[in-house]
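Encoded as structure tokens, the structure appears first; notes follow it.
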Amino acid sequence: MSDVAISTRGLRKTYRTRRGRKVVAVQGLDLEVPAGGVHGFLGPNGSGKTTSIRMLLGLIRADAGTMTVFGRPVPAQLPEVVGRIGAIVESPKFFPAFTGQKNLELLAEAIGAPRARVGEVLEQTSLGERGKDRFRSYSLGMKQRLAIAATLLKEPDLLIFDEPTNGLDPAGIREIRETMRGLGEQGKTVLVSSHILAEVEQVADTVSIIGHGRLLASGTVAEVIGGGTAPTVKVAVNNHEAATRVLTAAGMTVRADGNYLLVEGAPDPADVTRRLAHQELYVSELTPVRADLESVFLELTEGEGL
Amino acid sequence: MIRLTKVELRRLVSRRLTAVGLVGLFLITILLLVATYFDARPLSAVEQQQAQQQYEMAHKDWVDHAEEMRTQCEADWKTQPDPKPKLEEMCVYSEPKPEDFGKPPTVFAQIMPDLLQGSSYFLAFAAFLIGASFLGAEFSSGAIGNWLTFEPRRLRVYGSKLLAAATGFVPIAAVVLAVILFGTFLIVDKLGDTASTTGKVWSDLSAIGGRAVVTSALAAALGSVVGLLLRHTAAAIGVVMAYLVLAEGVFAAFLEKAQPWLIKLNFDAFVRHDAQYYVTECKTGSDGSYACDYVQKTLSFEHGAWYLAIFTVVVVLLGGWVFHRRDVN
Ligand SMILES: Nc1ncnc2c1ncn2[C@@H]1O[C@H](COP(=O)(O)OP(=O)(O)OP(=O)(O)O)[C@@H](O)[C@H]1O
Ligand SMILES: [Mg+2]
């Protein structure tokens, strides 16, 4: 197995709206997803996540750029690797009038999977008896489970989940998270697009952040967080004006945040207390602000949204 | 491809609309046979007696007055301005025959071709409907996107769907036509006249039936393509209805000469092995008079067959091309 599961170079897609306006959904995206583990694919609404995933799956045509999955150029050689890819794009779509089981049976037959596999994946996703109900009657969570069950029919090496937790309750979200974690630990590659960053932070080994159809940052979660922002400290002090003057003079950036000051660019939190104490400004509270994916994300994608 | 076609066939037979369509076809078949039964039923004793009486009256009238009327007519003829109609055409008073009164017996060999042709229409319609919804529903529900993540080779996917729709309808059409053919035979055998049903008649009838099976399969495939192109069952049905009314109805009425290029006549020519149609031909005579004639013309079987074949191939290729390139959202 090559050590890159997905790679795209200069991927580009322009949509034409009904009124003939052009919308550039993806512009020159270079994405690299390492094989094995969970990869978070993050970006604001409309940044081109779904569009990129659809292009990878051959559902829509790219205008330019190249893509490979497990080293094979797609969509040209997609048929050779599609058996190793399980994907759920946006909301799960099946034949509404057929039962969950019937839907899976048709898919299993289409790919030549044994019929017994259908029962197994229904059990695995705890759908069990509900598999005999029509897809139309399923709740969102059950639809999502069925979609996961469908991807498991293939026993794939790469799973692509486009906002899998959309509309799920906390228990459902946790379950999906654990499923993804489990798959990642089995050595499978999971590409998960999401808005819920705390969510992704908990499961992802690596992430890519995109905005306006372009890659903004990528790497391990630690790298992305570390590389994005300088350490910030939150300071409580009684004279804001004087403190701001002192710290700014020392080359730090200071912002007011309610009763606190947010100080960036301090080499060390102790530096902040020492400089203020020198001017007889005494710090009553000082907390280092832990950078998280959310703050990095917001910083990177500021003004990138719709 | 064979595996995919099998899966699609399984899906086709599992669909509710297919079941509803089959029930509909079954009811229409029954209705048709019941109607044939009532048509073929001989007159009741009372009705027969009435017919007999009427014949006797007419015959008596002819015996009493025919000679007199002919003389009168001949006298009238002499006073007619030129050009005169022929005398033997103008003054015919033939003897009434008993079989002109009451109901002639139903002859199997005469009614069956029309019945089969009528059946070919509703079969084609049902096939089109089932085909259109077979693909229309898949696109409108979005299930096609999921399907393509399992089998991304679009032309195979396309081919398997059309093949399933077309082949799936073959046994259905064959059974319906066979029931109508043999059901009618049994009814007419009991109530009317099947003596003239020679081997040639049977082979002609089975040929018509066979071609009606072919048109049903084509209609199922075309319905599938239209369902795919328009992505909704209702849209597909609407477009075809509009076409039938506007092009085949209104347009054909105004432009009679265009009929050989419309679907209906070619369909008939194929199913019936040649079809007749009428055009009005107007001429200005050498004396400056202007007269119009209703002229019967024949559209050949070959024309119909080629027309349907080319039409189907073009539509199927178009659908394949569109599906191959289309973004699936
Ligand atoms: N079928 C379409 N026709 C026209 N424009 C489209 C179409 N699909 C997407 N777009 C546009 O392309 C851009 C990217 O959309 P996309 O769905 O890929 O974003 P996304 O990152 O998945 O967003 P979200 O997080 O909201 O799901 C958006 O501006 C969207 O309006
Ligand atoms: Mg999306």
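Say we join alpha carbon atoms closer than 10 Å with springs in a Gaussian network model of chain B; which of B:His65, B:His273, B:His232 then has the biggest fluctuation?
B:His65
I'd like to check one number: the per residue accessible area of region A:159-262, probe 1.4 Å, reported in Å² as a whole number.
In whole numbers, region A:159-262 has 46 Å² accessible per residue.
In Å³ and rounded to a whole number, note down the convex hull volume per residue for the Cα atoms of region B:15-100.
Output value, Cα hull per residue: 154 Å³.
Give me a comma-separated list of calculated 3J(HN,Hα) values for region A:59-66, in order, Karplus coefficients 6.51, -1.76, 1.60 applied at θ = phi - 60°, integers in Hz, x for any Gly or Pro.
Once θ is set to phi - 60°, the couplings for region A:59-66 become 7, 10, 8, 7, 7, 7, x, 10 Hz.
Provide the packing ranking of B:289-302, A:200-213, A:176-189, i.e. peptides ordered by the mean count of other C-beta atoms within 10 Å per residue, highest first.
The peptides rank, most packed first, as A:200-213, A:176-189, B:289-302.
How large is Rg over Rh for region B:93-247, taking Rg from the Cα atoms and Rh as the Kirkwood inverse mean of 1/r across Cα pairs?
For region B:93-247, the value is 1.19.
Which of the residues in region A:78-100 show a loss of at least 40 Å² in accessible area from their chain by itself to the complete set of protein chains, at a probe of 1.4 Å?
Hits at the 40 Å² cut-off: A:Pro79, A:Val82, A:Lys93, A:Phe95, A:Phe98.
Once the mean 1/r over all distinct Cα pairs of the protein assembly as shown is inverted, what Kirkwood radius in angstroms do you read off? Show your work: numbers first, answer last.
On the way: mean 1/r = 0.0319 Å⁻¹.
Value: 31.4 Å, from the Cα pair sum.
What dipole magnitude, in Debye to the nearest 20, does the protein assembly as shown give about its Cα centre under +1 on Lys/Arg Cβ and -1 on Asp/Glu Cβ?
Its charge dipole is roughly 1520 debye.
With a 1.4 Å probe and every protein chain kept in, tell me what percent of the accessible surface of region A:4-226 is carbon plus sulfur.
Carbon plus sulfur share of accessible area: 48 percent.
Give me a single rounded figure for A:144-155: the average over its residues of other chain Cβ atoms within 10 Å of their Cβ.
Neighbouring Cβ atoms belonging to other protein chains average 1 per residue here.
Which of rounded, prolate, oblate describes region A:1-113, given a ≥ b ≥ c as roots of the alpha-carbon gyration tensor eigenvalues and a/c under 1.5 marking rounded, otherwise prolate only if a/b is larger than b/c?
Oblate shape, in that a/c is at least 1.5 and b/c is the bigger or equal ratio.
Based on the Kirkwood radius over alpha-carbon pairs, what value in µm²/s does the Stokes-Einstein equation return for the translational diffusion coefficient of region A:57-141 at 25 °C and 0.890 mPa s?
Estimated via Stokes-Einstein, D reaches 165 µm²/s.
Between helix A:140-153 and chain A, what is the angle of the helix's C-alpha long axis to the longest principal axis, kept within 0 to 90° and rounded to the nearest 10?
60
Please tell me the relative contact order of chain B in percent, rounded to the nearest whole number, where contacts are Cα pairs under 8 Å and at least six residues apart.
It rounds to 22 percent for chain B.
To the nearest 10 degrees, how steeply does helix B:154-191 sit against the main Cα axis of chain B, on a 0 to 90 scale?
30
Kirkwood hydrodynamic radius, region A:232-289, all distinct C-alpha pairs: what's the number in Å? Please report the intermediate quantities before stating the final value.
Numbers: mean 1/r = 0.0928 Å⁻¹.
Answer for region A:232-289: a Kirkwood hydrodynamic radius of 10.8 Å.
Can you tally the net charge around A:Ser52? Count Lys and Arg as +1, Asp and Glu as -1, for every other residue whose Cβ sits under 14 Å from the Cβ of A:Ser52.
Details: positive: A:Arg9, A:Arg12, A:Lys13, A:Lys49, A:Arg54, A:Arg61, A:Arg214; negative: A:Asp30, A:Glu32, A:Asp63, A:Glu90, A:Asp162, A:Glu163, B:Asp327.
Every neighbour counted, the sum reads 0.
How large is the Rg to Rh ratio of region A:258-302 when both quantities use alpha carbon positions and Rh follows Kirkwood?
1.07
On C-alpha positions alone, give me the angle between the axis of helix B:108-141 and the longest principal axis of chain B, in degrees, nearest 10.
Relative to chain B, helix B:108-141 is tipped by roughly 20 degrees.
Across peptide A:106-112, how many C-beta atoms of other chains are within 10 Å of each residue C-beta, on average?
Across A:106-112, the average partner-chain Cβ count within 10 Å equals 6.
In Å, what Rg and Dmax follow from the Cα atoms of region B:144-220?
Gyration radius and largest Cα-Cα distance of region B:144-220: 19.1, 61 Å.
Taking Cα centroids, how far is region A:187-247 from region B:59-100 in Å?
Value for the Cα centre distance between the two parts: 110 Å.
How big is region A:155-218 by the Kirkwood estimate over distinct Cα pairs, in Å?
For region A:155-218, the Kirkwood estimate is 12.4 Å.
If I model chain A as equal point scatterers sitting on the Cα atoms and use the Debye formula, what is log10 I(q)/I(0) at q = 0.13 Å⁻¹?
Debye intensities relative to I(0), on a log10 scale: -0.94.
In Å and on Cα atoms, what radius of gyration and Dmax does chain B show?
When restricted to the Cα atoms of chain B, Rg and Dmax are 27.0, 90 Å.
How many Å² of accessible surface get buried when A and B come together, counting both sides, probe radius 1.4 Å, rounded to the nearest 100?
For chain A against chain B, roughly 2700 Å² becomes buried.
Run the accessible area of chain B with a 1.4 Å probe and give the carbon-and-sulfur part as a rounded percent.
Carbon plus sulfur share of accessible area: 65 percent.
The values are calculated or read from the model by the stated rules, or taken from the named source; none is laboratory data. Predicted model only: the values in this text are computed from it and were never measured. Positions of Cβ are backbone-derived with ideal geometry, glycine not excepted, and every protein chain shown enters the neighbour counts. Calculation scope for accessible area: heavy atoms of the full protein, side chains included, ligands and nucleic acids excluded. Shrake-Rupley method; radii C 1.70, N 1.55, O 1.52, S 1.80 Å.
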